[in-house]
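First the structure, in the form of structure tokens, and then the observations on it.
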């Protein structure tokens, strides 16, 4: 989860390693231990069956522990070679999708349709007056009240009737639960649909199974879309609560068989280990918070750590990679800042960097009346051609 604006605090910091101690060389046995008596369990027919002997992987464990003991690199590589081509500014627009559209916005608020519910939430970018009359806004099912700051907490008010905490939704091929959280968000960021549609197309037209890494993966909607399109997905988030929510979403869509690895760990620690292991991915999605603190006091600062994170992501891109996607919310910066960072990161790799903003387009009550564009975040995306 993210501590930036949409996730409970504690998202971005590292999670404790599940492996304890340093690896030691195995000592030769002085004598052979006596043969243990077989233990038994019950098979499906109720008969006693011997338990399989535990697998010993001492040598592999030593290798992994020694690798993890290497101090993570803290410096960004100085890249050489030509910068990728650039395409700016790019505006990626989401007009709406199944179970979602932006109805109206204005006066620092937005009115959205999430499945069966109309929801009102603060939106600092909505500088203009509302278009629809007051009675439409007053008829909302739920209104977020409290701190209007992006990181602020609050509570939900239900003007018409009390609602449950969760409800089912679907976007593209992913089924998931919407949820009223204390941080005014509901478990999905629909403006990301532009990236998800691009990713889905890349996976379906690749002609081979792609490997996708979803960093800061939150509730797993992007991971489910990628896996249903045919990718092998690694989903990383430091929040146990977020991983649990993502697994609930997977179960809702009866998609337990999909090839998704759910990893509860700090994203930086994970990609540093993947670099040491020479792991490779064809698509990397990264949506980091502007600030986060981990369970052991670890601190993530977007402006301090973003360059290193992207540098490591470049190293774990496969030679035939389809893209590296960065989304940045709630920061005081131009998209040109992350655009130039991405171009420097991908020097010598060819391709192009396209950067700009993600926007939501108002659609009126029925979702089919195009209105104003609401800016939601900055993005930069490297593609190979």
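The values are calculated or read from the model by the stated rules, or taken from the named source; none is laboratory data. In this text the structure is predicted, and so the values were computed from the model without any measurement. So basically every Cβ, Gly included, is an ideal-geometry build from the backbone, and we count neighbours across all protein chains shown.
In table form, for the structure just shown:
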{"item": "Output for region 191-219, where each listed residue is over 13 Å from the mean Cα position of the chain (by Cα) and farther than 23 Å from residue 385 by Cβ", "result": "191"}
{"item": "Wholly enclosed strands (runs of 3 or more DSSP E) of region 78-121 bearing at least 1 residues over 22 Å from the mean Cα position of the chain (by Cα) and over 17 Å from residue 363 (Cα atoms)", "result": "85-94"}
{"item": "Positions within region 264-275 being surrounded by fewer than 24 Cβ atoms within 10 Å (Cβ to Cβ) and closer than 24 Å to residue 182 by Cα, in sequence order", "result": "264, 265"}
{"item": "Residue match in region 330-338 (condition: crowded, with 16+ Cβ neighbours inside 10 Å, part of a strand (DSSP E or B) and more than 18 Å from the chain's Cα centre (by Cα))", "result": "no"}
{"item": "Restricting region 198-230 to residues that are over 19 Å from residue 188 (Cβ atoms) and touching a strand residue (DSSP E or B) at 6+ places or on another chain (Cβ under 7 Å), the residue that is surrounded by the fewest Cβ atoms within 10 Å (Cβ to Cβ)", "result": "209"}
{"item": "Checking residue 145 against (1) in a strand (DSSP E or B); (2) over 25 Å from the mean Cα position of the chain (by Cα); (3) modelled with pLDDT of 95 or more, the condition it does not meet", "result": "(3)"}
{"item": "Within region 274-294, considering residues that are outside any loop (DSSP other than H, G, I, E, B) and modelled with pLDDT of 95 or more, the one farthest from residue 213 (Cα to Cα)", "result": "276"}
{"item": "Region 358-381, residues that are touching a residue at least 40 places away in the same chain (Cβ under 8 Å) and either part of a loop (DSSP other than H, G, I, E, B) or touching a helix residue (DSSP H, G or I) at 6+ places or on another chain (Cβ under 6 Å) (or both)", "result": "358, 360, 363, 364, 365, 367, 370, 371, 372, 376, 378, 380"}
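Yes/no matrix, rows are residues, columns are (1) farther than 30 Å from residue 206 by Cβ; (2) crowded, with 16+ Cβ neighbours inside 10 Å; (3) touching a strand residue (DSSP E or B) at 6+ places or on another chain (Cβ under 8 Å):
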position	(1), (2), (3)
243	no, yes, yes
252	no, yes, yes
260	no, yes, yes
277	no, no, no
285	no, yes, yes
291	yes, yes, yes
